[in-house]
Every structure is written in C-alpha cells, then in structure tokens.
Amino acid sequence: MSKRKNYLLSDNGVKSIAKQSPPAKRVRYSDGDSLSLIHDPQGALYWVMSYRYQSDKDIKPKQKTYHIGSYKPASQQVDSQFKPEVSLKQARIERDKAKQLLADGIDPNEQKSKAKNQYEQKDLFKVIARAYISEKQETTPKNVQKLKGFLNNHILKHIGDYPIGAITAQDIIQTGLAIQSDFEAQGKRTSETAHKCMGLISSIYEFAINTQGYDIVNIAHGRNKALRPHKAEGMKAVEQHQFADLLRNIDAYTDNHAKAHPQTVAGLQLMALCFVRTKELRHFEWSEIDYHKNVWRIPAHKMKMRQDHIIPLSPQAMEIIERMRPITGNTGYVFYNFDSGKPYSEGWFNQALRRMGYTGDPYPKMTGHGFRKLASTGLYELKFSSDVIEIQLAHLEQSSVKKRYDTSEHLPERQVMMNEWASHLDDLRAGKPVKFDLLSPKELDEVMAKRGRKATDIITHDTDMLINSLQVQGVSPELIEQLTKQLKN
C-alpha cells in the first residue's frame with residue numbers, strides 16, 4: 001500500500017484557487033494528513049480537518065469535521081494587497097494541534113466548545129458591548145438609541161452570550177450575513193443596517209482592546225466585506241433647475257394649505273438660506289444670535305461634529321428671523337410648536353414638503369436635508385472656494401475637509417458667500433436667468449477680486465467697530481494703537 005502524500009498544496013497554489021470563479025458545487029482540495037481547503041459555491045474558502053473519534057457514548061468511531069478557519073470570505077477579492085485570514089502554514093499548525101488533542105483522547109470540537117464556555121460574566125460580548133454604549137453617552141441621545149437598537153435587535157442574539165475572546169471571524173461573518181438575510185426577507189437587496197452592525201462590532205472590539213485591556217485581535221475588522229456592498233442613498237433633493245419652483249412653492253405654502261404654520265414657511269426659507277442640518281434649525285435659540293456681527297453661533301453640543309459653528313446671516317435671513325419674534329420671542333426658540341409645547345419634531349420639514357407634492361409625483365422627492373445638497377452644488381457652480389463651502393457646511397470628516405478648523409476661519413469670505421447666496425435665491429424666485437457657464441481666466445479673476453474687496457471691507461468694518469467700542473470703554477490710546485497694528489498684520 002502506497003504511503004499517503006502530505007503537503008500537497010502550496011501558498012501560490014491556494015492563491016490561484018482563490019482567484020478562480022466560485023464552483024457550481026463545493027470542491028475539496030486536499031493538503032494531505034486530514035487537512036483540506038474547501039471552495040464553496042458562494043466563493044468562500046476555508047480550512048477543515050477530517051477525523052474519526054469515538055466518545056464514551058459511541059459504539060464505534062464517527063467521522064467528524066473540525067473547522068479550522070477561513071482563508072477568505074465570499075466577497076473578498078484576491079489582489080496584490082490580499083492577505084489570507086488563515087494561511088496554509090497557520091492551517092497546518094492548527095491541524096497539528098487538533099491531532100495532538102486526538103492523541104490525548106480529546107475531541108477538538110468538544111475542546112473548542114469548552115473554551116467558549118470557560119469565561120467570567122465580565123468577558124461576555126454583551127457585557128463589553130453595553131460598557132461601550134455607556135462610554136458613548138456624551139454623544140447625542142439619538143445616536144445612543146441607534147447603537148442600542150443595533151445591539152438589542154440584531155447583534156446580541158447571535159454573539160451576545162459568547163466570551164469576546166472565544167468569538168471567531170466566522171461567527172462575526174455569520175452574524176452579518178444573518179442580519180443581511182433578515183432584510184432580504186423584507187425585500188431589500190442590501191442592508192445599510194447590516195453594514196453598520198458590522199462596524200459597531202469592530203468598534204466594540206477596539207474598545208475591549210484599547211480601553212478594557214483585552215489581549216485579543218480585532219477579528220471584526222473588515223468583515224463587512226463578506227456582505228453585499230451597500231450603496232447609500234444620497235440626500236433626496238430637486239435638481240438645480242427645479243430650485244426656483246421649490247422656493248416659490250415654499251413662499252406660497254400658507255396660501256395653499258389652510259392649516260400650515262407661518263413658522264414652517266419661515267423655517268424652510270431659512271433652511272434654503274443657511275443650509276444647516278435640520279436639527280440645528282429646529283433647536284435654534286434666540287440667545288444664539290449675535291446681532292453685533294449678524295451671525296448665528298451654534299454651540300458645540302448641538303453640532304453633529306461637536307464643534308462650535310458660525311452661520312453668517314444675510315439681510316434676507318435676518319428679516320425672516322425677525323418675522324418670528326412676535327410669534328416665538330417669549331419661548332426661547334426661534335421656531336416653536338405651540339401645539340406640542342416644544343420645538344418641532346424631526347419630521348417637520350419633510351411633512352411640509354410632502355404636502356407640497358415633493359413625493360416623486362408631481363414633483364421629485366425632496367427632504368429637509370436636501371437643502372444642503374442644493375447649496376453645496378449651487379455654491380460650487382458660483383465658483384466659491386471649496387474650503388469656504390465645506391467649512392460653512394460644517395463638514396469635518398477627513399473626506400471633506402483635511403483638517404479641523406477654527407470657528408471663525410474664513411469668516412469674512414463666508415459672509416460674502418452667504419450674502420451672494422441669498423441674492424442668488426432672490427434671483428431664482430424672480431425668474432431671472434442664472435449663468436453657470438465657465439468663466440474666462442480674466443472674468444474669474446474679476447469675480448474673485450470683487451469678493452476679496454467685500455471680505456476686506458467686512459474686516460475693516462469689524463475692526464473699526466471694535467476700536468470704537470474700546471474707545472467708549474476708556475481703553476488707553478497706546479493699547480488701542482498696539483491692537484490695531486496686530487489686527488492689520
């Protein structure tokens with residue numbers, strides 16, 4: 001009888017298999033000595049060891065399979081950056097460990113199950129996950145509620161009762177796939193929730209390692225690649241050429257809807273001018289208005305990115321705000337729902353837009369958040385600087401702005417931009433033709449020079465106002481002169 005050959009596979013050979021199209025049915029590639037690589041029809045590759053074991057309850061030995069680990073998940077591409085989760089060398093080492101257990105009379109599958117059950121209560125994934133959520137309490141209540149929903153409704157029922165150190169990469173992948181399948185059963189092709197759950201699991205692992213001192217690897221990192229890619233829906237907004245009709249429909253809202261609140265019209269008008277996030281406008285307080293500089297100062301705790309933000313207020317924006325003073329001046333909030341006795345709810349703008357017909361028929365879908373998309377596109381077409389636009393949109397993500405900014409950075413340029421944007425909306429309402437043609441270099445220089453002069457005028461005006469104020473307060477001329485030199489520099 002010929003001796004069975006071992007070490008039949010090579011690293012390059014396994015990588016070549018990984019590059020092949022998924023087979024019609026499961027294919028087994030033997031490395032010898034009970035170790036095999038399985039290629040399944042979904043495209044995943046994983047290592048298994050075949051063995052026979054007879055327990056005290058068995059009459060004769062039973063054929064069993066020990067799952068060693070994944071070489072690659074189904075959706076992962078094999079390219080120049082590819083690294084296997086469990087390499088051929090690692091799989092052989094794990095096979096040898098399992099064989100040693102068998103030699104000692106121990107079933108490797110039973111040993112794995114025992115390892116999962118040998119834990120303290122504090123090591124459970126659900127305990128660590130809830131500690132992580134507690135650490136997030138300084139974020140918004142809405143964000144905390146979302147995280148709790150991901151945990152309680154989707155994640156914990158799969159891995160919550162496992163000790164975090166005993167969870168495998170495959171456990172996490174199977175959790176993500178199960179969540180994705182739940183949404184598929186509802187008729188959804190991809191699931192944003194499944195991807196967010198995988199991200200949350202990874203964050204919990206990072207918390208366990210960095211904060212709680214667990215000596216483990218973040219095996220959750222990158223596991224969302226096992227899911228189908230999710231294409232996030234963009235902000236629903238009308239096109240630029242439909243913006244004028246939207247503005248006119250907002251102006252006529254109370255005329256066309258008997259129960260409409262005048263605050264709703266003012267809120268939508270101000271949203272178009274200031275393009276803040278809807279929550280920031282709904283919780284806009286009178287105390288946040290700086291009448292000295294005509295700016296709206298939003299404190300950090302109200303901002304998504306937890307940093308103070310300034311919105312220069314154009315004359316048109318100030319006029320809308322002052323229209324609200326006789327109505328809400330005694331409430332503390334610029335916009336206040338007297339029916340509920342508190343600021344308007346999250347659905348305030350969207351409900352009004354739906355009543356106007358922005359549901360897809362007769363008008364395209366439009367949301368309160370869509371004003372930010374309209375402003376961003378329009379301001380770029382008006383040739384404003386990307387830094388000025390992104391700062392005004394309060395975009396602090398790495399993908400949007402490369403560095404954090406001071407709240408007053410580019411403020412004169414932003415004041416010029418917000419005033420021009422307000423005039424642009426007035427032109428749209430009036431039906432004036434708006435040119436977005438490419439400017440010649442000379443025309444572009446003239447536009448930029450004009451905006452530069454306006455920004456300089458604002459700086460000069462603010463400086464003069466400050467100096468006058470200091471003089472009234474009796475500050476010494478020498479100190480004022482020194483301050484003036486510093487401001488000019």
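Ordering 193-201, 76-84 by mean Cβ neighbour count within 10 Å, with the highest value first, yields 193-201, 76-84. Per residue, the convex hull spanned by the Cα atoms of the stretch 239-358 amounts to 119 cubic angstrom. The Rg/Rh ratio for the stretch 62-102, using Cα coordinates for both the radius of gyration and the Kirkwood hydrodynamic radius, is 1.09.
Let me make sure I get this right: for the stretch 72-134, a, b and c are the square roots of the gyration tensor eigenvalues over alpha carbons, sorted descending. Under 1.5 in a/c it's rounded, otherwise prolate if a/b > b/c, else oblate. Which is it? Judged from the Cα gyration tensor, the stretch 72-134 comes out oblate (a/c at least 1.5, b/c at or above a/b). The alpha carbon centroids of the stretch 32-102 and the stretch 268-326 are separated by 60 Å. Cross-linked pairs K126/K373; K5/K25; K157/K302; K142/K293: Cα-Cα separations exceed 29 Å for K126/K373; K157/K302; K142/K293. Taking label points 7 Å from Cα along the Cα-to-Cβ direction, R429 and Q174 give a separation of 6.2 nm. Here S385 and K279 are evaluated by their C-beta separation; at R0 = 35 Å the FRET efficiency comes out at 0.85. Under 1.5 on a/c is rounded, so check that first for the stretch 5-139, then, if it is not, pick prolate when a/b is larger than b/c and oblate when it is not; a ≥ b ≥ c are the square roots of the alpha carbon gyration tensor eigenvalues. Cα axes put the stretch 5-139 in the oblate bin.
May I ask you to compute the full-extension gain from K365 to H221, defined as 0.36 nm times their residue separation minus their alpha-carbon distance, rounded to one decimal in nm? Spell out each step's value before the answer.
Numbers: separation 144, 0.36 × 144 = 51.84 nm, distance 3.60 nm.
Answer, rounded to one decimal: 48.2 nm.
If R0 is 41 Å, the Cβ-Cβ spacing of H241 and S80 corresponds to a FRET efficiency of close to 0.40.
Fully extending the segment from D251 to E206, taken as 0.36 nm per residue of separation minus the present Cα-Cα distance, adds 11.2 nm. Averaged over residues, the count of other Cβ atoms within 10 Å places the peptides 41-52, 294-305 in the sequence 41-52, 294-305, highest first.
Using 0.36 nm per residue and subtracting the Cα-Cα separation, the extra length available between R325 and K57 on full extension is 88.2 nm.
Relative contact order for the stretch 61-152: 17 percent, from Cα pairs under 8 Å spaced at least 6 residues apart, divided by residue count. Across the stretch 163-227, the mean sequence separation of Cα contacts (distance under 8 Å, 6 or more residues apart), normalised by length, yields a relative contact order of 40 percent. Would the stretch 20-82 count as rounded, prolate or oblate if I go by the C-alpha gyration tensor, calling it rounded below 1.5 in a/c and otherwise prolate when a/b exceeds b/c, oblate otherwise? Prolate, since a/c reaches 1.5 and a/b exceeds b/c. Using a simple spin-label model with pseudo-atoms 7 Å out from Cα toward Cβ, I93 and K146 lie 4.0 nm apart. For Y344, the shell of other residues with beta-carbons less than 11 Å away shows a net charge of +1, using +1 for Lys and Arg and -1 for Asp and Glu.
Within the shell defined by Cβ-Cβ distances under 13 Å, the residues around Q121 carry a net charge of 0, with Lys and Arg each +1 and Asp and Glu each -1.
With contacts taken as Cα pairs under 8 Å and at least 6 residues apart, the stretch 1-90 reaches a relative contact order of 22 percent. Residues Y205, Y333, ranked from the fewest to the most other C-beta atoms within 10 Å, line up as Y333, Y205.
Bear in mind these aren't lab numbers, they're just calculated from the coordinates by the rules spelled out. Just so we're clear, the structure is a prediction, and the values are computed from it rather than from any experiment. Please note: Cβ atoms are built from the backbone with ideal geometry, for glycine as well, and neighbour counts cover all protein chains shown.
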